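Q: Take this structure first; my questions come after.
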Amino acid sequence: MDVALERCFSDRNSFYDTMYYSVDSGKRIRPILAIASYEACGGMDIESIMPVACGLELIHTYSLIHDDLPSMDNDDFRRGKASAHKRFSEAVAILSGDGLFAYAFELISKGKEMRDEKIAVVHAVSEVVGPRGVVYGQVLDISNGQEPNPKTLRSIHLNKTAKFIAVSIKVGAIMARAPKDKAYTLYQAGICLGMLFQYTDDILDVIGEKHKLGKTPGKDQACGKITAPVVYGIDGARFRAMRYAALAKQKFARYGSQFDILAQITDFVLNRTY
Ligand code: GRG
């Protein structure tokens, strides 16, 4: 994955180096999910899913750059190093995010083969990262004065994180030409995995270590965020995380042992320390 991403940024103008600074490192969960789902759905041509997988990582990186900006979460540390606005400037960080967002769709849509599938991927991804997904989730996340209750929490987690993780799995199914109902069920499994992902993110913000996380823990509490530990307590959050993991695995298991890898990724997310 890292090599494929590196290739997307080599031999281009110097701004690609600036953008690559933020892309370099990270867990690569979203592209890994796309590839795992593609292969589990019977996809055989890794070259066809790779640009889609890279595009997902670029969109995710864009969201991290903008999330760290002083006007958003104001975080100086990301992926174990200075965040983009600290390393460059706020203006360059904003432009890096903008550049990555556009470049992602260029990569996804490039080439004459599999036009219909690529259009479906562009549609599915743009739907969940926009005002009915990540952007909306971020608006909720930075809004003050909301009631810290289960409903608000679910809405933030679902939009900010879960839909994007779910679509990463769905696009693997689309590129493998899986039946629509299978892609839909996998998306639902991905929602459970995505909720689990944000639960563990919230928990790690309380109990995680900076050198492992590569980002600053304790930010949620400092910013008065509505998180799973705030709403349910640490033990309640852990319990619910386990329930989401079990639900996700149950849905993956429906499609047989080819999907074991997605169950294993679910366990990794449940037990992660970074
Ligand atoms: C339109 C995509 C888009 C963004 C604009 C700034 C913004 C709106 C949204 C921020 C969304 C955000 C940062 C959600 C948090 C999701 C999350 C848990 C991020 C951490 O992901 P990891 O742990 O990070 O996968 P690494 O560094 O490992 O890739």
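The values are calculated or read from the model by the stated rules, or taken from the named source; none is laboratory data. The shown structure was predicted, so the numbers you read here are calculated from the model rather than taken from an experiment. Here the Cβ is made from the backbone with ideal geometry for all residues, glycine too, and neighbour counts use every protein chain on show. Only protein heavy atoms, including side chains, enter the accessible area calculation; ligands, DNA and RNA are left aside. Shrake-Rupley method; radii C 1.70, N 1.55, O 1.52, S 1.80 Å.
Q: Output the helices (runs of 4 or more DSSP H) that fall wholly within region 180-274 and possess 3 or more residues being buried (at least 20 other Cβ atoms within 10 Å of the Cβ), or say none.
A: The qualifying helices (runs of 4 or more DSSP H) are 180-207, 228-253, 260-271.
Q: Return the pair list, or none, for Cβ contacts closer than 6 Å from residues in region 1-19 that are outside any loop (DSSP other than H, G, I, E, B) to residues that are surrounded by 11 or more Cβ atoms within 10 Å (Cβ to Cβ) and of a type in the set (Ser, Thr, Tyr), at least 6 apart or on different chains.
A: Cβ pairs passing all conditions: PHE9/TYR16; PHE9/TYR20; THR18/SER96; MET19/SER96.
Q: Another one. In region 111-148, how many residues are open to solvent by 40 Å² or more (accessible area, probe 1.4 Å) and either closer than 25 Å to SER71 by Cα or free of Cβ contacts under 8 Å to residues at least 12 places away in the same chain (or both)?
A: Result for region 111-148: 19.
Q: Being under 14 Å from LEU5 (Cβ atoms) and not small (Gly, Ala, Ser) narrows it down to one residue among THR61, THR18; which is it?
A: Only one candidate qualifies: THR61.
Q: Continuing with the same structure: Quick one: which of LYS160, LYS151 is of a type in the set (D, E, K, R), out of contact with any strand residue (DSSP E or B) (no Cβ under 9 Å at 6 or more places or on another chain), in contact (Cβ under 8 Å) with a residue 12 or more places away in the chain and outside any loop (DSSP other than H, G, I, E, B)?
A: LYS160
Q: Within region 101-110, can you find the residues that are closer than 14 Å to SER48 by Cβ, assigned to a helix (DSSP H, G or I) and open to solvent by 30 Å² or more (accessible area, probe 1.4 Å)?
A: SER109
Q: Same structure, new question: Among residues belonging to region 1-29 that are open to solvent by less than 20 Å² (accessible area, probe 1.4 Å) and not hydrophobic (A, V, I, L, M, F, W, C), point out the one that is farthest from GLY256 (Cα to Cα).
A: SER22
Each row is one residue, and each column tells you yes or no for (1) at pLDDT below 95; (2) of a type in the set (Gly, Ala, Ser).
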{"site": "ALA166", "(1), (2)": "no, yes"}
{"site": "ILE169", "(1), (2)": "no, no"}
{"site": "TYR187", "(1), (2)": "no, no"}
{"site": "GLY194", "(1), (2)": "no, yes"}
{"site": "GLN198", "(1), (2)": "no, no"}
{"site": "LYS210", "(1), (2)": "yes, no"}
{"site": "THR216", "(1), (2)": "yes, no"}
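Q: Sticking with this one: Between residues in region 197-223 that are touching a residue at least 60 places away in the same chain (Cβ under 8 Å) and farther than 20 Å from ARG28 by Cα and residues that are part of a helix (DSSP H, G or I) and among the charged types (D, E, K, R), which pairs lie under 7 Å by C-beta distance while being six or more apart or on different chains?
A: LYS219/ASP205
Q: Need pairs with beta-carbon distance below 7 Å; first residue on the phi < 0 side of the Ramachandran plot and within region 238-255, second among the polar types (S, T, N, Q); sequence gap 6+ or separate chains.
A: Once the first residue is on the phi < 0 side of the Ramachandran plot and sits in region 238-255, its partners that are among the polar types (S, T, N, Q) give ALA241/THR200; ALA245/THR266; ALA248/THR266; LYS249/THR266; LYS251/THR185; LYS251/GLN188; ARG254/THR185.
Q: Just to check your reading of the model, which residue among ASP98, ASP73 is open to solvent by 10 Å² or more (accessible area, probe 1.4 Å), within 13 Å of the ligand (Cβ to nearest atom) and outside any helix (DSSP H, G or I)?
A: Exactly one residue qualifies, and that residue is ASP73.
Q: Ok, one more. Given the residues SER63, SER83, SER48, which is the only one that is near the ligand (Cβ under 8 Å from one of its atoms) and of a type in the set (S, T, N, Q)?
A: Step by step, each of SER63, SER83, SER48 is checked, and only SER63 is near the ligand (Cβ under 8 Å from one of its atoms) and of a type in the set (S, T, N, Q).
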